[in-house]
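Shown next, in structure tokens, is the structure this report addresses.
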Amino acid sequence: MNGGVVNEFGRKHRIAVLGGGPGGYEAALAGAQLGAEVTLVERRGVGGSAVLTDVVPSKTLIATAEVATSVRGAYDLGIRLADADGRRVAEPDNVTVDLGVVNARLLRLASAQSADMTAELRKAGVRVIEGEGRLDGPERLVVAADPDRDAEGHEVPADTIVIATGARPRELPSARPDGERILTWTQLYAIDELPEHLIVIGSGVTGAEFASAYRNLGAKVTLVSSRERVLPGEDADAALVLETVFARIGLDVLSKSRAETVERVGDGVRVTLSDGRIVEGSHCLMAVGSIPNTRDIGLEEAGVLLADSGHVRVNRVAGTSVPSIYAVGDCSDFLPLASVASMQGRTAVFHAMGDVVQPAELRNVTANIFTQPEIATVGWQQPQVEDGTVRGVIFKLPLEPNPRAKMLGIEHGFVKLFATTTTRQILGGVVVAPKASELILPISIAVEHRLTVDELARAFSVYPSLASSITDAARAMHIVR
Ligand SMILES: Cc1cc2nc3c(=O)[nH]c(=O)nc-3n(C[C@H](O)[C@H](O)[C@H](O)COP(=O)(O)OP(=O)(O)OC[C@H]3O[C@@H](n4cnc5c(N)ncnc54)[C@H](O)[C@@H]3O)c2cc1C
């Protein structure tokens, strides 16, 4: 391994990273840790889309939406709001949200996080170049000069190149975002008044999260889903819970409706559905997927194979068809999650520098959908158990009887575990609950370390706690011999 020492050419291993999102950031830090000479090229801001437009802003917005929901629900728990003179003020149902303040806060957080990450890279000895980069063959990045910023061009020769250019929102010709009324998720944070009526096109994870958040912030929301149910591809029971909650909070779902066109009409939008129906609203959010940033950056010229979708084809250590080039994160054809991008970044560099590498195991990835309630999943899921891909049993425990859930006024949610038929080794699980993202960890650990239901059940859970539903579910799956 080359860690911290010179290579066969008598110099340090040189790593050039294109893109400073979680994938590129982690790759750069790993390279610095192993003693390489690392350069990272980023055109907009370290942290990438994850920090500046996607994860950090959306999850901060959602944090506010959760507090708004708690305040509304506080009435049922006996809370009454009063002014300074002790006079009762409006019922919690009338909670209003100052979206200008919310958006200013989340953009501030995003930019502070980006600054922290830049400082962290510099502290680790990474050279950070601001600018638009591209490959020039398999062993060099070039960064264009930018006369507007008085920035000169650069050439960055490298032994290893990590492509981490991420993705951007997909745009449809019949629904062009105008940044004011027809918006992508990257443009949402510029509006400072709560939309009167937000129409969300696309009921995948991004669409469902924003629809849930804006409804809970107080906007009227219509979610247009081309499929029969929201969150196609996710656990069917979880999607059903979400649809029940959406109906209860007055979030309209138009299922099996494809948006044909979205037009700006005066101060509003008109969405025409494929069945001829028309929905009018004040704003429209387009959440119809992402396009990888892989075109015109010299990948094909360097010999890097792309999938038809434009994603870079990678193996489990993020290697591409060219030995000196790795690709991580959303530009690769692996799994578009910030946590996965980071892990790939580290794995790529460890592999390039001959350190010990654990190839990524897609099946063990833990994912979460930040709706209210949240939906967290890990490991094999119900369709694979049902179609026989893995031989297993399924057990679902609703949260309803859980004492802590009753205390907190939680009415919807469940824990579901999948385990092998014979030895009851845990294969995977689903948690639908507030903060499911925090609750899923014991199941992730069980999947990663191949624990059995009995081993999981032996762990103490706190009484009363939502987590006890996980140990209870494991206990119920014990085989009596
Ligand atoms: C609304 C939304 C919410 C999400 N929430 C979550 C979540 O809660 N949890 C989670 O795990 N994932 C979430 N994701 C997914 C997550 O955002 C991505 O998986 C993650 O950003 C991928 O990281 P990355 O390193 O591949 O690239 P990115 O974060 O996309 O960063 C890529 C960077 O490369 C730069 N770049 C591109 N081309 C060039 C070039 N030619 N020269 C210089 N720089 C360049 C870009 O400017 C950008 O900064 C969410 C996605 C969306 C859309």
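Given R₀ = 60 Å, what would the calculated FRET efficiency be for Asp136 paired with Lys59, taking r from the Cβ atoms and rounding to 0.05?
0.95
Once Rh for the stretch 340-382 is found with the Kirkwood sum over Cα pairs, what is the Stokes-Einstein diffusion coefficient at 25 °C and 0.890 mPa s, in µm²/s?
Diffusion coefficient, whole number: 201 µm²/s.
Taking only protein heavy atoms into account and a 1.4 Å probe, give the accessible area per residue of the chain in Å².
Heavy-atom SASA per residue in the chain reads 47 Å².
Taking the inverse of the average 1/r across all pairs of different Cα atoms in the stretch 150-304, what Kirkwood radius in Å do you get?
The answer is 17.3 Å.
Relative to the Cα centre, what is the charge dipole magnitude of the stretch 171-258, using +1 at the beta carbon of each Lys and Arg, -1 at the beta carbon of each Asp and Glu, and rounding to the nearest 20 debye?
Dipole about the Cα centre, nearest 20: 280 debye.
Using only Cα atoms, what is the ratio of the radius of gyration of the chain to 2.2 N^0.38 Å?
1.06
Can you list the residues of the stretch 92-111 with backbone N under 17 Å from a point 7 Å past the Cα of Ile79, pointing along Cα to Cβ?
In the stretch 92-111, the label zone of Ile79 (backbone N under 17 Å from the point 7 Å along Cα→Cβ) covers 92-98.
At a probe size of 1.4 Å, how large is the accessible area of Arg14, to the nearest 10 Å²?
Around 50 Å² of this residue is reachable by solvent.
Give, rounded to the nearest 20 debye, the magnitude of the charge dipole that the chain has about its Cα centre when Lys and Arg contribute +1 at Cβ and Asp and Glu contribute -1 at Cβ.
1240
Distance from the Cα centre of the stretch 102-159 to that of the stretch 169-196, in angstrom?
The stretch 102-159 and the stretch 169-196 have Cα centres spaced 26 Å from each other.
Can you give the calculated 222 nm mean residue ellipticity of the chain, where each DSSP H run of n ≥ 4 adds -39,500 (n - 2.57) and the sum is split over every residue, rounded to the nearest 500 deg cm²/dmol?
Helices in the chain give a 222 nm mean residue ellipticity of -9000 deg cm²/dmol.
Where Rh denotes the Kirkwood radius from the mean inverse Cα pair distance, what is Rg over Rh for the stretch 1-156?
With Rh from the inverse mean 1/r over Cα pairs, Rg/Rh is 1.23.
What is the percent carbon and sulfur in the accessible area of the chain, measuring with a 1.4 Å probe over the protein chains and ignoring ligands?
C and S atoms contribute 51 percent here.
Given the options Asn7, Leu34, Ile297, identify the residue whose Cα lies farthest towards the positive end of the charge dipole of the chain (+1 on Cβ of Lys, Arg; -1 on Cβ of Asp, Glu).
Leu34
Can you tell me the length gained on complete extension of the stretch Val67 to Arg127, counting 0.36 nm per residue apart and subtracting the Cα distance?
17.6 nm
For the chain, give me the percentage of DSSP beta bridges that are antiparallel, rounded to the nearest 5 percent.
The answer is about 60 percent antiparallel.
Using a Förster radius of 56 Å, what is the FRET efficiency between Arg168 and Arg11 based on their Cβ-Cβ separation? Nearest 0.05, please.
Rounded to the nearest 0.05, the efficiency is 0.95.
For Ile129, Ile278, write out the residues from largest to smallest accessible area, computed with a 1.4 angstrom probe and no ligands counted.
Most to least solvent-accessible, the answer reads Ile278, Ile129.
What are the semi-axes of the equivalent ellipsoid for the stretch 69-134, taken as the square roots of 5 times the Cα gyration tensor eigenvalues, largest first, in whole Å?
Semi-axes from the Cα gyration tensor: 46, 13, 11 Å.
Just to confirm the filter: which chymotrypsin sites (Phe, Trp or Tyr not before Pro) across the stretch 354-409 are DSSP coil and have at most 15 other Cβ within 10 angstrom of their Cβ?
Sparse-neighbourhood loop chymotrypsin sites (Phe, Trp or Tyr not before Pro): none present.
Run through the stretch 298-398 and list the trypsin sites (Lys or Arg not before Pro) located in a DSSP loop whose Cβ has at most 13 other Cβ atoms within 10 Å.
Answer by residue number: Arg391.
Give me the extension gain from Thr389 to Tyr463: residue separation times 0.36 nm, minus the current Cα-Cα distance, reported in nm with one decimal.
The span from Thr389 to Tyr463 would gain 23.0 nm if fully extended.
The values are calculated or read from the model by the stated rules, or taken from the named source; none is laboratory data. Computed from a predicted model, the values in this text were never measured in an experiment. All Cβ positions, glycine included, derive from the backbone under ideal geometry; neighbour counts span all protein chains shown. Calculation scope for accessible area: heavy atoms of the full protein, side chains included, ligands and nucleic acids excluded. Shrake-Rupley method; radii C 1.70, N 1.55, O 1.52, S 1.80 Å.
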